[in-house]
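Comments concern the structure below.
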Amino acid sequence: MRYESAACVPPSGKQVYVTGVGESTRETWKLDPESGWTRCADMNRGRRRYCATFVDDTSMYVLGGMDGEYTILGSVEKYDVKTDTWAVVGNLKRSTCLAASAVFSGDIYVFGGRCSLPPERATLRCVQVFNTASGVCTVLPQRLPRPMQMLRAVTWNEKVIIVGKNACAVFDHQLKTFEMRNQFASEVNQFGLVLENERVYLIGGHTKVKRDDGTVARRPRPASDEVKSVAVREIVDTDVSPANWVHHARLPQPAFIHAFAVLSLPRELAE
């Protein structure tokens, strides 16, 4: 699988779609637990470090990211499961990569991300809202409490939990407000984040190593094999006693996590 691809599961929870695969980072593959892997149509443009999400069982969207020429993208593509076709359906207001996304009432919310590459490495505070019915993107007047990038997000009821290495924020869809919960920062980059059975799971990731002169070494980046979890209510409810991540399990080997999802297996396979 190509580095920095993405995985999506439709609301039915029965298949996994992996995008950004192959040397071109355009390939799309579907995994059905009973029939295995099937190659689907390619995206119109290769990308990595992008947001990917299903809005319903037949419509998957990819937003932003970065192409093979290190251009940060603002385009939005839609995959139609029924026709096995991709189409460009709009653009974000701000091109971004390494952002996080969440779906609410047919809109895709895109939180933060990076809008320029080194040496500037400018990071966004904006929240962009892509309306899937009209193809129009707007920017909320409410901004993230701080610039954030290399993010993951999960949705619980009307709250979005946005996690990065050094910060965690909870966004309330109805009130359009943020609350910082930094004790739940991941402390690693490029990790997996999923919500299952009222718990949030943080999977793998890597840390950066500082040289003696204070600069960050590009290699090596020690990877983690740890899976940690916390009850979702302990993140979103400030009245709950202070909590933090607890050890849950270990991966077979340490790993950066790029493509991750929760899949409902048929009973015969789950057993």
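Values quoted throughout were computed directly from the atomic coordinates according to the rules given, and no laboratory measurement underlies them. Note that the structure is predicted; figures quoted are calculated from it, not measured.
Numbers for the structure displayed
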read-out: Karplus-derived 3J(HN,Hα), 6.51/-1.76/1.60, for each residue of the stretch 63-68, Hz, glycine and proline x; value: 9, x, x, 9, 9, x
read-out: Prolate/oblate/rounded label for the chain (Cα gyration tensor, a/c 1.5); value: rounded
read-out: In sequence order, calculated HN-Hα J values of the stretch 89-106 (Karplus, 6.51, -1.76, 1.60; Hz; x Gly/Pro); value: 10, x, 9, 6, 5, 10, 4, 7, 10, 6, 8, 10, 9, 8, 10, 8, 6, x
read-out: Tensor-based shape of the stretch 1-65 (alpha-carbon gyration tensor, a/c under 1.5 rounded, otherwise prolate or oblate); value: oblate
read-out: Lysine pairs in the chain with Cα atoms under 28 Å, if 8 or more residues apart or on separate chains; value: 22
read-out: Relative contact order (percent, whole number), the stretch 1-129, Cα cutoff 8 Å, 6+ residue spacing; value: 16
read-out: Relative contact order, percent, the chain [alpha-carbon distance under 8 Å, six or more residues apart]; value: 12
read-out: For the stretch 127-142, 3J(HN,Hα) per residue [Karplus equation, 6.51 cos²θ - 1.76 cosθ + 1.60, θ = phi - 60°, Hz, x = Gly/Pro]; value: 10, 9, 10, 9, 7, 6, 6, 9, x, 9, 10, 10, 10, 5, x, 7
